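The values are calculated or read from the model by the stated rules, or taken from the named source; none is laboratory data. For clarity, every value in this text was computed on a predicted model and none was experimentally measured. Here the Cβ positions follow ideal geometry from the backbone for every residue, glycine too, while neighbour counts run over all protein chains shown.
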Amino acid sequence: MCGIVGYVGSQRAVPVLINGLLSLEYRGYDSAGLAVLNNKNIDVFKNQGRVKNLTDNFDLDSVASKVGIAHTRWATHGKPSDLNAHPHLDNSKTFAVVHNGIIENYDKVKKFLIANGYELYSQTDTEVIPNLVHYYYNKLTNDVEFRQAQMLTYSTRYSSVDDVLLALRCATGDLTGSYAIELLASFSPDQVYIAKKDSPMVVGSGEGENFIASDIPAILQHTKNFYFIEDGELGIVKPDGVTFFNGSLEKINKELKSIEWDAEASEKNGFDDYMLKEIFEQPRAIRETIGTSIVDNAIALPELDGVDFKKFNMIYIVACGTAMHAGLATKSIFENLAHIPTIVDMASEFRYRNPLIDDKTLCVFISQSGETADTIAALKLAKEQGATTISVVNVIGSSITRVSDYVLYTHAGPEIAVASTKAFTCQVTTLSILAMEIASKRIGSSIDSKIKELCKELSHIPDKVKEVLDNADEMKSLAKELYKSKDVYFTGRGFDAYVATEGALKLKEISYIHADSYPSGEFKHGPIALIEKDVPVIGIATNEDINAKTVSNLLELLTRGANVTLVTNQKIENPEIQHTVKIPECSPLFASILAIVPLQLLSYYVAKEKGLDVDKPRNLAKSVTVE
Ligand code: G6P
């Protein structure tokens, strides 16, 4: 996740760009940069670190240009560094690009460019874009036949073709993945070219000036009138107006919409709280986390090149809090698919119990922040004892990433609310991909078709999460019924038992209601004594092989007075169950990603009903850097 800003108009561009970047820092803050047009040249200022570094390190006050593009980065491809910071230029320094998103086929495009004489200097996926635009621009201006073919493909109804726009359209035609792109051409004064697919972008309209940004807050101080750019659309943004095009380069009219947000609401992108915003960001976060690690329905994890997966005889998954629940939710995928015994442990316990580790042990650490003290200590212990260590981390360059042998990044983007939501679903996604990779490497081609089918399933999960979010109001109504409860119990079997555990943690963290979870079969062995009239019980049932048993356990609780809510993707129509929350069907292996979403929403709405500060619950910290 990164943030982009752009400006064309009558003011100096730099202050608009810098202020915009500052309000987008929540989207990423490991490097920042900007490019401005300066008399047929493009001047670039960029470096590692926060936006403030830019103003500290460069004399930006003397930059007079009125046209520019800017970027704040949250590294995906290539570590945070001055070189990897955006904007990126093509080899001839004619085109500058800032980009939010992930170019999934960048390696293929890179090879194509190198074969055509280009050099790429950074480790980013983005650097291919300006070079590819240059390649097509050159071809359009030098190869008559190619030009005519492109005109026929794209521009039959657009007589005065802008060659840069056409080159950008040719380039985006070669790209797979997600992008919000701003492009400057050194010879095109006073204009910024834009293109978007699966990454957010808005254009703000002013008097004799126009603005571009990833999110409304970045430019809200300048205008309240916005165009919302849709996937596949392109545009040319000039001081006196914006021209939009569809993917066929036909001009299109877009509606200008007015936004009435105050400053605080705008930071949260219109949501009341960061937690709700982050819950709703999950489809995009999961899609970006899958990113380039699934290509053509097969796993592609070059980050793990060199790991000999066949040598391991057991896996420890070690983490704290919600991250540990992500480990629990995927333990069975490692065992069932990769056929390797897998133990999930709390980092604070693991490190003090002399775990049995040697060089045949794989230890997987999970952490959103990459800074949790117990997880770091457990990682160091595993390394000392000769294990191979792989960490699944959200924050690039954090301590855990520096200690671990191998790192897989989730691409959830910055998570600000203390209660973790999007980090969890992204961790489950990455761990599932890791489990499939291990299965592939250990079992070989006999599992290929199964993995292919699962990769396909996983790729559809972001859209299914969106479907769950579309029914958020159902959980809002349920919250109104539950918020006065003293206790709430969560239950399920198999994968669902761990969703129950995470659901209970979410509720207690932010609503301060006592919440607990038990595997459905365990209720009879004690906890059922706690059930009395109207005690809410939330059951999760997403696996047709064991649903009947879960439901029968729920009915036992119901007959003792429980008020039962069932979250399911199965056709379970039991009139005795008071509430049934339907989620989309999917493989039981990935159902936890869908099933946790209604529980996140329920916790959020319960806390809101109680008038609590959801983003900063009492006594809790986002990152626990002490033991
Ligand atoms: C704290 C946070 C939790 C988080 C846990 C582990 O308790 O409040 O939300 O799950 O730490 O944090 P990590 O950054 O290692 O995932």
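Just one of the numbered conditions (1) in a helix (DSSP H, G or I); (2) over 30 Å from residue 188 (Cβ atoms) is not true of residue 269: (1). Kindly check whether there is at least one residue in the range 350-370 that is among the acidic types (Asp, Glu), within 13 Å of the ligand (Cβ to nearest atom) and either in a loop (DSSP other than H, G, I, E, B) or within 23 Å of residue 48 (Cβ to Cβ) (or both). No, the conditions are met nowhere in the range 350-370. Within the range 329-342, the set of residues being surrounded by 21 or more Cβ atoms within 10 Å (Cβ to Cβ) and either of a type outside the set (Ser, Thr, Tyr) or not assigned by TED's automatic domain parsing to the domain that holds residue 357 (or both) comprises 329, 333, 334, 337, 338. Exactly one residue out of 23, 10 is surrounded by fewer than 17 Cβ atoms within 10 Å (Cβ to Cβ) and within 27 Å of residue 229 (Cα to Cα), and it is 10. Please specify each residue of the range 554-569 satisfying the condition of being among the hydroxyl-bearing types (Ser, Thr, Tyr) and under 17 Å from residue 602 (Cβ atoms). Correct list: 565, 568. Remark: pairs (first residue in the range 524-535, within 17 Å of residue 493 (Cα to Cα); second residue surrounded by 10 or more Cβ atoms within 10 Å (Cβ to Cβ); Cβ separation under 6 Å; 6+ apart in sequence or on different chains) = 527/518. Selection of the range 483-508 for residues being in a helix (DSSP H, G or I) and either at pLDDT below 95 or more than 23 Å from residue 418 (Cβ to Cβ) (or both) yields 495, 496, 497. Residues in the range 295-328 that are surrounded by fewer than 20 Cβ atoms within 10 Å (Cβ to Cβ) and in a strand (DSSP E or B) were compared, and the one that is nearest to the ligand (Cβ to nearest atom) is 314. Among the candidates 36, 44, 51, the residue that is at pLDDT 95 or above and touching a helix residue (DSSP H, G or I) at 6+ places or on another chain (Cβ under 7 Å) is uniquely 36.
Cβ separations smaller than 8 Å between residues 6+ apart or across chains give the following pairs from the range 364-377 residues that are closer than 26 Å to residue 340 by Cα to residues that are near the ligand (Cβ under 7 Å from one of its atoms) and assigned to a strand (DSSP E or B): 365/319; 366/319; 367/319; 375/319; 375/366; 375/367.
Taking the listed residues 31, 65, 10, the one that is touching a Leu at 6+ places or on another chain (Cβ under 8 Å), of a type in the set (S, T, N, Q) and not assigned by TED's automatic domain parsing to the domain that holds residue 180 is 65, with no other qualifying.
Taking the range 103-120 as the region of interest, how many residues are assigned to a loop (DSSP other than H, G, I, E, B), surrounded by fewer than 16 Cβ atoms within 10 Å (Cβ to Cβ) and under 24 Å from the mean Cα position of the chain (by Cα)? Going through the range 103-120 one residue at a time, the tally reaches 0. Residues in the range 197-247 that are assigned to a strand (DSSP E or B), among the basic types (Lys, Arg) and modelled with pLDDT under 95: 1 in all. Cβ-Cβ contacts under 6 Å between residues 6 or more apart (or on different chains), taken from a first residue in the range 108-133 that is farther than 12 Å from residue 90 by Cα to a second residue that is surrounded by fewer than 19 Cβ atoms within 10 Å (Cβ to Cβ) and at pLDDT below 95, are listed as 123/78; 124/77; 124/78; 125/77.
Out of 371, 415, one residue alone is farther than 23 Å from residue 302 by Cα, buried (at least 23 other Cβ atoms within 10 Å of the Cβ) and among the acidic types (Asp, Glu). It is 415. Which pairs do you get when a residue that is within 15 Å of residue 407 (Cα to Cα), found in the range 305-323, comes within reach of a residue that is within 16 Å of the ligand (Cβ to nearest atom) and of a type in the set (Asp, Glu), reach meaning Cβ atoms under 6 angstrom, with the pair 6+ apart or on two chains? Qualifying pairs under 6 Å: 318/345. Of the set (1) modelled with pLDDT of 90 or more; (2) among the hydrophobic types (A, V, I, L, M, F, W, C); (3) part of a helix (DSSP H, G or I); (4) surrounded by fewer than 16 Cβ atoms within 10 Å (Cβ to Cβ), all apply to residue 187 but (3). Pairing residues of the range 42-59 that are over 16 Å from residue 72 (Cα atoms) with residues that are assigned to a loop (DSSP other than H, G, I, E, B), at Cβ distances under 9 Å and at least 6 apart in sequence or on separate chains, gives 42/87; 42/93; 42/94; 42/186; 43/63; 43/65.
Among the residues of the range 329-341, just one is within 16 Å of the ligand (Cβ to nearest atom) and polar (S, T, N, Q), namely 330. Checking each residue in the range 374-408 for being farther than 25 Å from residue 302 by Cβ and more than 13 Å from the ligand (Cβ to nearest atom) picks out 380, 381, 384, 385. Identify the residue in the range 391-408 that is assigned to a strand (DSSP E or B) and crowded, with 23+ Cβ neighbours inside 10 Å and, among all such residues, is farthest from the chain's Cα centre (by Cα). The extreme case among them is 391.
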